[in-house]
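Since the structure comes first, as structure tokens, the remarks are kept for the end.
The values are calculated or read from the model by the stated rules, or taken from the named source; none is laboratory data. Since this is a predicted model, take the numbers as computed values, not measurements. Here Cβ is always computed from backbone atoms with ideal geometry, including for glycine, and neighbour counts include all displayed protein chains.
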Amino acid sequence: MLALVTGASGFVGSHLVEALLAAGWRVRRLARPASPPAAAAGRAFTVVPLDDAAAIARSGALADVDVVFHVAGVTRAHTAARFAAGNVAPTRALLDAIAETRGGRPPRGVLVSSQAAAGPADGLGRPRTEDDAPAPAGSYGASKRAAEAAVATHPAGAAWATVRPSAVFGARDRDFLPVFRHAGRGLAAYPGTRGAALSLVHAPDLARALVLAGTAAGSAGRSYFVAGWEEVPWPALYEAAARAAGRRIRLSVDLPGWALAAAGAAGDLWSAAAGRDTLVGREKLALGRPRRWTCSAARARRELGWAPAAGLGEAVAATRDWYRTAGWL
Ligand SMILES: NC(=O)c1ccc[n+]([C@@H]2O[C@H](COP(=O)([O-])OP(=O)(O)OC[C@H]3O[C@@H](n4cnc5c(N)ncnc54)[C@H](OP(=O)(O)O)[C@@H]3O)[C@@H](O)[C@H]2O)c1
């Protein structure tokens, strides 16, 4: 089987490529000209503007492909236009290129969307399901939802499944790295989330779910939330990270709203001045505000036969081991 993977230089995409290669697939990676050279180092990438359908078609990247995994996307930006440019335009271009080159025999496909396209859950014990009406969160969620709509309305998208991962952690991730850093010192520093809960998935588990979504009978046209652990209170995540380090949480701090607002404004100013997007900005902080970023993976378990490979404690410990070996901790 031959896979075409966008976003292979990123965190989720790198885990997907590992899973595909381990399962005996051949993998073709698409990267954009703006990709940092280090991301492509040592690996064979087809470099093409991902928002240019004609260029993708001309590149020949789609020839003989069995499954397209569209992972590339923008998770941090300080304007709605940048989210749309990174999340919607490449999705449309890829679908147009498929229609142009593969005509009546389009490959199967998987869109990596996000829980943000659907929105947070209503309350404790009621994780969001695929049957709930989408209520996209912020410009990021709106752009991921628009990408889902592009797939749903495009003729080439009929052979695609949509996967909405919950928050993803694992080797090579930078977003949860501060949690591991703080917990390793016995500190829990909540960005206003001490009383909140979230769904989590370990990156290798998500990668297996993506492969299943791209190959399982009946998955085309379906959407799947993917979460290994559906309702994890933030303190439980800090405790798991502390346990993995042989520590216990001794000090907990929940940052007050005014401090978060100031940090978000400063992050946006820095992004505007530097022309690069930071982890902390008003958009990202607004996304963290809901108390229940939880979703149910019952459909993925039932229809794809998917389940996490290990428990949360083991996944957290494996992540910490990777950070230590890589010198990130
Ligand atoms: N991490 C999570 O918790 C999470 C949760 C839910 C959904 N997701 C989704 O998973 C996907 C991958 O996220 P990630 O966490 O792996 O992020 P990441 O590490 O930042 O990787 C993003 C990938 O997308 C590419 N990319 C960035 N900007 C682009 C643009 N404007 N046009 C085309 N490609 C672009 C990057 O390539 P370059 O090398 O060129 O920069 C990189 O390969 C995204 O679609 C995201 O929405 C992630």
Take LEU16 and decide whether it is in a helix (DSSP H, G or I) and in contact with a Phe, Trp or Tyr (Cβ under 8 Å, 6 or more places away or on another chain).
-> yes
Do we have any residue at all in region 272-294 that's part of a loop (DSSP other than H, G, I, E, B), at pLDDT below 70 and polar (S, T, N, Q)?
-> yes
If you scan region 306-322, which residues turn out to be in a helix (DSSP H, G or I) and closer than 15 Å to HIS15 by Cβ?
-> ALA315, ALA318, THR319, TRP322
Residue selected from region 124-180 under the condition within 11 Å of the ligand (Cβ to nearest atom) and part of a loop (DSSP other than H, G, I, E, B), by the criterion surrounded by the most Cβ atoms within 10 Å (Cβ to Cβ) | SER166
Could you tell me whether ALA188 is part of a strand (DSSP E or B), away from the ligand (no atom under 16 Å from the Cβ), touching a Ser or Thr at 6+ places or on another chain (Cβ under 7 Å) and not acidic (Asp, Glu)?
-> yes
Go through region 79-123 and give me each residue that's more than 14 Å from the ligand (Cβ to nearest atom), of a type outside the set (D, E, K, R) and in contact with a Lys or Arg (Cβ under 8 Å, 6 or more places away or on another chain).
-> ALA121, GLY123
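Residue by residue, here is whether (1) farther than 18 Å from PRO165 by Cα; (2) assigned to a helix (DSSP H, G or I) holds:
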residue: LEU210; (1), (2): no, yes
residue: ALA213; (1), (2): no, yes
residue: ALA217; (1), (2): yes, no
residue: GLY221; (1), (2): no, no
residue: TYR224; (1), (2): no, no
residue: GLU231; (1), (2): no, no
residue: PRO235; (1), (2): yes, yes
residue: ARG243; (1), (2): yes, yes
residue: ARG247; (1), (2): yes, no
Test: residue in region 27-48 that is out of contact with any helix residue (DSSP H, G or I) (no Cβ under 6 Å at 6 or more places or on another chain), in a helix (DSSP H, G or I) and either modelled with pLDDT of 95 or more or closer than 20 Å to LEU210 by Cα (or both) | no
Hey, can you tell me all the residues within region 51-85 that are crowded, with 22+ Cβ neighbours inside 10 Å and part of a helix (DSSP H, G or I)?
-> ILE56, PHE83
